[in-house]
1. I need the full set of residues from the range 34-78 which are surrounded by 15 or more Cβ atoms within 10 Å (Cβ to Cβ) and farther than 17 Å from Ser14 by Cβ, in order please.
2. Please determine whether any residue of the range 29-39 is of a type in the set (A, V, I, L, M), touching a residue at least 24 places away in the same chain (Cβ under 8 Å) and touching a helix residue (DSSP H, G or I) at 6+ places or on another chain (Cβ under 9 Å).
3. Take residues that are modelled with pLDDT under 90 and under 11 Å from the mean Cα position of the chain (by Cα) and tell me which of the helices (runs of 4 or more DSSP H) falling wholly in the chain contain 1 or more.
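The values are calculated or read from the model by the stated rules, or taken from the named source; none is laboratory data. Quick caveat, the model's predicted, so the values are computed rather than measured. Every residue, glycine among them, receives a Cβ derived from its backbone with ideal geometry; neighbour counts consider all protein chains shown.
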Amino acid sequence: MAAMSEKKSDLDASVAELSYEAARDQLVEVVNTLEQGGASLEESIALWERGEALATRCEQWLDNARERLDKARNSADD
C-alpha cells in the first residue's frame, strides 16, 4: 500500500506545476485514450488517476482566476 501512496504523491507533484492549458490538454488526451479502450485494467486505473489529478489542477486554476476577478471587481467598485 505504501507504493500506491508514493505513486499518488509523485503524480500530484508532476501535475502541480502544470499551467491550466497544459493540464487541460493532457486531460483531453487521457479522456480520449480511455474512450478508445484497449488499455489494460492497470493502465486504465493509472489513466483515471492522472485524469482526476489533472481535473483537480484545472479546477484550482479556475478557482484562483475567479478569486482574482472578484477582487478586481471589488476594487473597481470601491
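1. Leu34
2. yes
3. Filter on the chain gives 2-16.
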